[in-house]
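Undergrad: Dropping the structure in here first, questions after.
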Amino acid sequence: MKKNSFFRLVKYIGKYKLYLVVSLICALISNVLAAFMPFIVGKGINKIVGEGKVEFGTLSKIIMILAVVYVISSLFTWIFTVIANIIAFGTVKDIRNEAFEKISTLPLSYFDRNPHGDIMSRLTNDIDAISDGLFQGITQFFPGIVTIVSSLVLMFTLSIKITLVIVVMTPLCFLIASFITKRSNKMFKEQQRTVGELNGYAEEIIGSQKVVKVFGYEKRAEEKFNEINSRLYKCGQQAQFYSSLTNPATRYVNNVTFALVGVVGGLLSVLTGLSVGTISSFLTYATQFSQPINNVTSVATQLQAAIASAERVFAIIDETPELEDIDKTKEITNCEGNISFHDVSFSYVKEVPLINNFNADIKKGSTIAIVGPTGAGKTTMVNLLMRFYDITNGKILIDGTNIYEIKRENLRGLFGMVLQDTWLFEGTIRENIAYGKLDATQEEIETAAKEAYIDSYIEKLPDGYDTVITESGANLSEGQKQLLTIARVMLIKPPMLILDEATSSVDTRTEAKIQSAFLSIMKGRTSFVIAHRLSTIRDADVILVMNNGEIVERGNHEELLNKGGVYAKLYESQFKNSEEAV
């Protein structure tokens, strides 16, 4: 997986071929010129120490040449760095876009299995780690190769014997770096995984502070956080410790090489008359030749973290998306709302069936109430109808068309959905109400707000419909948030409605008003109402009583009470000591 992730990153970088070519040219010019500097300096030193007389004229020319070479090399280094930024951050942008696009295609089951904080960590922390690693890798890799090759060529032209000393010592650096890197990579992978776990837990606790405080869970939450944080500290410390050994170890070898060059150069100077300028050039080359190796090993931490992070991000990109629409999908333009369930079966876990051979025929314009104990499969039926989950067996028909023959976007557009769990985004109240109809007029938005009985509250706000809602609607009460989501559905007026405990967070008086509004919008529309408060479904055309994924009773309110079965017992348990039960 590590190699696959590396090569996949290379493929993403390959999209910037033109930039890569230009950067390679810049790296070539910059580092070849930089490699010539010790060579030129050596010639200058020879003009100072040769024959006891300084050749100032020649030395001045050498200094001017050295200055020009330095300026040109620095200019191309700057250009190379700018282009490296474009390549690295452009690549990361592409990966982030692809990962987020994939998120939008994944089934709900993926989000049920994975902590939201961990997913967010992959899209932020892990991609940032990739960005850092790519930039460091590009800025060290290209110049490093050019420096090594050009330095090697120039050294061979000066002295083959001293060059062999440097070449023989160099593999030791690679062996040491490889040995340490293999052992630290495991720790970096564990570190990134633990970072995701920590983010997931923090997101969970911060988002549920009221529950945490109500049940006095603060100390246990802190202990759990400290436990995860301690594991992160431990694996992070080990990863950094192992990787930090690389640079000192390779620099030790380089220092030994530097000393050997000095000793061998001195001997050759005595035995063969090797010039002082040449020895000086070799001492510089000994450092310059090993510098790219040191640079790469010094950023080994970021490179390993980048590859470990890439594995986590690519894991999202490689996830199986929702089933594609079949080639001959249709679009329903004039939906009547006739729905049929034929032998529908479903299970979240293969070994544990939830829905068994569910059958129901629902006529257009009907109001269908679904009741039953917790876990009976009420909300699951709605999820299957909307294709949030795929059925195991059977089929579901809308106006005689199998839902798998309808374009998914079109299918979901046929329903308006109000859930018990509200969702609002950071933006104005107007934008939140118009979420399903972006071209809605102000008049339409205000009408929807009135139908949801939230208009009076909005008008009291200083900025009215332009009031900005904070993240997740934190500056609104639960009831107000639910009324806004109801207004959102009131605005689009879809052919069919799904109301899943839609009034669970509002007071009894407002609930009565909303029920009247719902009766108005439900008129002529097929509507599914999931409710635990049975008083809200008395007027339903058909009530389906579910238990263990099967319909155990069906009929209207009076018929089911007269049967004295499951529904009657549920109803009696809610109202046996209430006047409403009379």
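Undergrad: Quick check: the distance between the Cα centres of region 115-145 and region 301-335, to the nearest angstrom?
TA: 20
Undergrad: Test of understanding: what is the full-extension gain from Asp361 to Gln237, defined as 0.36 nm times their sequence separation minus their Cα-Cα distance? Present the calculation step by step, with values, prior to reporting the outcome.
TA: Numbers: separation 124, 0.36 × 124 = 44.64 nm, distance 6.22 nm.
38.4 nm is the gain from fully extending Asp361 to Gln237.
Undergrad: On a 1.4 Å probe surface of the protein chains, which of Phe346, Phe111 comes out largest in accessible area, and what is the full order?
TA: Details: Phe346 10, Phe111 50 Å².
Result of the area sort, largest leading: Phe111, Phe346.
Undergrad: Taking region 215-285, which chymotrypsin sites (Phe, Trp or Tyr not before Pro) meet the DSSP loop condition and have no more than 16 other C-beta atoms within 10 Å?
TA: Phe215, Tyr217
Undergrad: Here's a follow-up. What FRET efficiency, computed as 1/(1 + (r/R0)^6) with R0 = 60 Å and r the Cβ-Cβ distance, is obtained for Lys350 and Val68, rounded to the nearest 0.05?
TA: Numbers: r = 73 Å, r/R0 = 1.22.
So, using R0 = 60 Å, E works out to roughly 0.25.
Undergrad: Just to be sure I understand the model, the point goes 7 Å from the Cα along the line to the Cβ. What's the resulting Asp399 to Glu459 distance in nm?
TA: 3.8
Undergrad: Taking only protein heavy atoms into account and a 1.4 Å probe, give the accessible area per residue of the chain in Å². Each step should come with its number before you reach the end.
TA: Numbers: 30500 Å² over 582 residues.
Result: 52 Å² of accessible area for each residue.
Undergrad: Using a probe of 1.4 angstrom, how much of the accessible area of region 351-417 is carbon and sulfur, in percent? All intermediate terms of the calculation are to be shown ahead of the outcome.
TA: Working: 1280 of 2720 Å².
Within region 351-417, the accessible surface is 47 percent carbon and sulfur.
Undergrad: Would you mind finding the longest exposed-site-free stretch of the chain, with exposed GluC sites (Glu not before Pro) meaning DSSP loop and at most 13 other Cβ atoms within 10 Å?
TA: The answer is 1-323.
Undergrad: Now for a separate question. Can you work out the Karplus-derived ³J(HN,Hα) for every residue in region 126-133? Use 6.51 cos²θ - 1.76 cosθ + 1.60 with θ = phi - 60°, whole Hz, and x for glycine or proline.
TA: 5, 5, 4, 5, 5, 4, 4, x
Undergrad: Based on DSSP loop calls and a cut-off of at most 15 other Cβ atoms within 10 Å, the longest stretch of the chain free of exposed trypsin sites (Lys or Arg not before Pro) is what?
TA: Values: sites that count: Lys53, Lys328, Lys350, Lys363, Lys364, Lys407, Lys437, Lys523, Arg533, Arg538, Lys576.
With a cap of 15 other Cβ atoms within 10 Å, the longest stretch comes to 54-327.
Undergrad: What is the set of long-range amide H partners of Gln420 at a cut-off below 5 Å, with H atoms built 1.01 Å from backbone N?
TA: So Gln420 has HN proximity to Asp500.
Undergrad: Still on this structure: What distance in nm separates the simple spin-label points at Arg220 and Val270, each placed 7 Å from Cα in the Cβ direction?
TA: 7.9
Undergrad: Got a sec to turn the phi values of region 462-467 into Karplus ³J(HN,Hα) couplings, 6.51 cos²θ - 1.76 cosθ + 1.60 with θ = phi - 60°, whole Hz, x for Gly and Pro?
TA: So the Karplus estimates, Gly and Pro as x, are x, 9, x, 6, 8, 5 Hz.
Undergrad: Once label points are set 7 Å from the Cα along Cα→Cβ at both Ile206 and Ile326, what is their separation, rounded to one decimal in nm?
TA: Here the modelled spin labels are 4.6 nm apart.
Undergrad: Any chance you could look up the accessible area of Ser244 with a 1.4 Å probe, heavy atoms only, rounded to 10 Å²?
TA: Roughly 60 Å² of Ser244 is accessible to a 1.4 Å probe.
Undergrad: On to the next question. Got a sec? Which residues in region 484-498 would a label at Glu336 touch, if it sits 7 Å along Cα→Cβ and we count backbone N under 14 Å?
TA: In region 484-498, the label zone of Glu336 (backbone N under 14 Å from the point 7 Å along Cα→Cβ) covers no residue.
Undergrad: With r as the distance between the Cβ atoms of Val149 and Asn85 and R0 = 25 Å, compute the FRET efficiency 1/(1 + (r/R0)^6) and round to 0.05. Mind showing how you got there, number by number?
TA: Values: r = 25 Å, r/R0 = 0.99.
Given R0 = 25 Å and the Cβ-Cβ separation, E is 0.50.
Undergrad: Here's a follow-up. Output the pairs from Lys102/Lys493; Lys513/Lys569; Lys378/Lys569 with a Cα-Cα distance over 22 Å in this structure; if there are none, say none.
TA: With Cα atoms farther than 22 Å apart: Lys102/Lys493; Lys513/Lys569.
Undergrad: Please identify which residues in region 482-503 have an amide N closer than 13 Å to a label point set 7 Å out from the Cα of Leu108, following the Cα→Cβ vector.
TA: Inside the label zone: 498-501.
Undergrad: Something else about it: Per residue of region 336-352, what does 6.51 cos²θ - 1.76 cosθ + 1.60 with θ = phi - 60° give for ³J(HN,Hα)? Whole Hz please, x for Gly and Pro, Karplus curve as stated.
TA: Here the 3J(HN,Hα) series is 8, x, 7, 10, 10, 10, 10, 6, 7, 10, 7, 8, 6, 10, 3, 7, 10 Hz.
The values are calculated or read from the model by the stated rules, or taken from the named source; none is laboratory data. Just so it is clear, the structure is predicted and the values come from calculations on it, not from any experiment. Reconstructed Cβ throughout: ideal geometry from the backbone, glycine too, with neighbour counts over all protein chains shown. In case anyone asks, the SASA skips ligands and DNA or RNA and just uses the protein heavy atoms, side chains included. Shrake-Rupley method; radii C 1.70, N 1.55, O 1.52, S 1.80 Å.
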